[in-house]
Amino acid sequence: MSHSGTPGGQPGPQRTTDRTPAPSEPARAYAELIAGNRRFVGGAPRHPNQDAGHRAAVADGQHPFAVIVGCSDSRLAAEIIFDRGLGDLFVVRTAGHTAGPEVLGSVEYAVTVLGTPLVVVLGHDSCGAVQAAREVATTGTQPQGHLRAVVDAVLPSLRRAETEGVQDIDGIVDIHIAQTVETLLGQSPVLADEVAQGRCAVVGVSYRLAAGAVRPVAAVPAGFATLGEEAGPLDPAAPAAA
Ligand SMILES: [Zn+2]
């Protein structure tokens, strides 16, 4: 189904309420996200679930189908890049998509209380938080104030990149995305159990700022992301090739 939303060249998006039930299983949730990203990339977003009627309909309760653990970068607005609306995505964002206690608690809330079947770690090329961490690793100069907490959370990924011989910033970003997926599962037995039971999956994707497209770089269960609708292959043998 395609909706141009601009017949006759009239400006402004078409707004619709998506009346299909929210996906309740991981593969369908991922396919839904990828479909929205493709609409966004192709310049044909539907802006679903953003109208006043839907706003009222979801006031009594939420059933988001995906948790987004994303970087705070202003160009990474989740509902825009995945073409979704109110009640669809449970979004947790920090600079460099770090996974501290409040982030872990927020993810666990969505997965266990709201029953959300998918967790997506969303990183991106040219990430400033990763660049800042690399600067610290290179120069040894510590950042001011609480920015240090962000850098400290990214540094393990820098060390891993060094071990793997990856030096370009976007290759390091891929490693940091995969590291965040591992941290979420390693630090949250609650989330790991949901995944083990097949009720949830965790996928790490990298977003390209200019193109607007996401690319899977890590997934648990392994190979899960290939189940998504034409999401492209996930090659676990070379997750961070330079
Ligand atoms: Zn970033």
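The values are calculated or read from the model by the stated rules, or taken from the named source; none is laboratory data. Since the model is a prediction, treat every value here as computed from it, not as a measurement. Virtual Cβ from ideal backbone geometry, glycine too; neighbours counted across all protein chains shown. In case anyone asks, the SASA skips ligands and DNA or RNA and just uses the protein heavy atoms, side chains included. Shrake-Rupley method; radii C 1.70, N 1.55, O 1.52, S 1.80 Å.
Amide H to amide H, with H built 1.01 Å from N, Ala219 comes under 5 Å of Gly204, counting only residues 5 or more places away or on other chains.
Computed with a 1.4 Å probe over protein heavy atoms only, the accessible surface of the chain comes to 48 Å² per residue. By a 1.4 Å probe calculation restricted to protein chains, Thr226 has an accessible surface near 70 Å², given to the nearest 10.
When both bridge partners sit in the chain, DSSP labels roughly 25% of those beta bridges antiparallel. A straight chain from Ala56 to Gln142 at 0.36 nm per residue would run longer than the Cα-Cα distance by 26.2 nm.
Just need the relative contact order of the chain here, percent rounded to a whole number, with Cα pairs under 8 Å and 6+ apart.
Reported as a whole number, the value is 20 percent.
Residues of the range 141-162 falling in the label zone of Gln187, defined by backbone nitrogen less than 13 Å from a point 7 Å along Cα to beta-carbon, are 149-157. Here the range 83-241 is assigned +1 on the Cβ of each Lys and Arg and -1 on the Cβ of each Asp and Glu. Its dipole about the Cα centre then comes out at about 260 debye.
Under a Gaussian network description of the chain, with springs only between Cα atoms under 10 Å, the residue in His124, His97, His54 that fluctuates furthest is His54. Accessible surface of the range 31-107, 1.4 Å probe: 56 percent of it comes from carbon and sulfur atoms. Working note: Karplus 6.51/-1.76/1.60 with θ = phi - 60° gives the range 44-52 the couplings 10, x, 9, 6, x, 6, 10, 8, 4 Hz, where Gly and Pro are set to x. Between Ala52, Phe40, Ala201, the Cα set farthest toward the positive side of the dipole of the chain (charges on each charged residue's Cβ, about the Cα centre) is that of Ala52.
From the square roots a ≥ b ≥ c of the eigenvalues of the alpha-carbon gyration tensor of the range 31-137, which class results: rounded (a/c under 1.5), prolate (a/b over b/c), or oblate?
Note, shape of the range 31-137 comes out oblate.
The rule of thumb for compact globular proteins, 2.2 N^0.38 Å, goes into the C-alpha radius of gyration of the chain 1.02 times.
Proximity of backbone amide H atoms, modeled 1.01 Å from N, is registered between Val67 and Phe90, Leu118, Val119, Val120 at under 5 Å, excluding neighbours fewer than 5 places apart on the same chain. Once a ≥ b ≥ c are taken as the square roots of the eigenvalues of the Cα gyration tensor of the range 50-113, is the result rounded (a/c under 1.5), prolate (a/b larger than b/c) or oblate (a/b not larger than b/c)? The shape class here is oblate.
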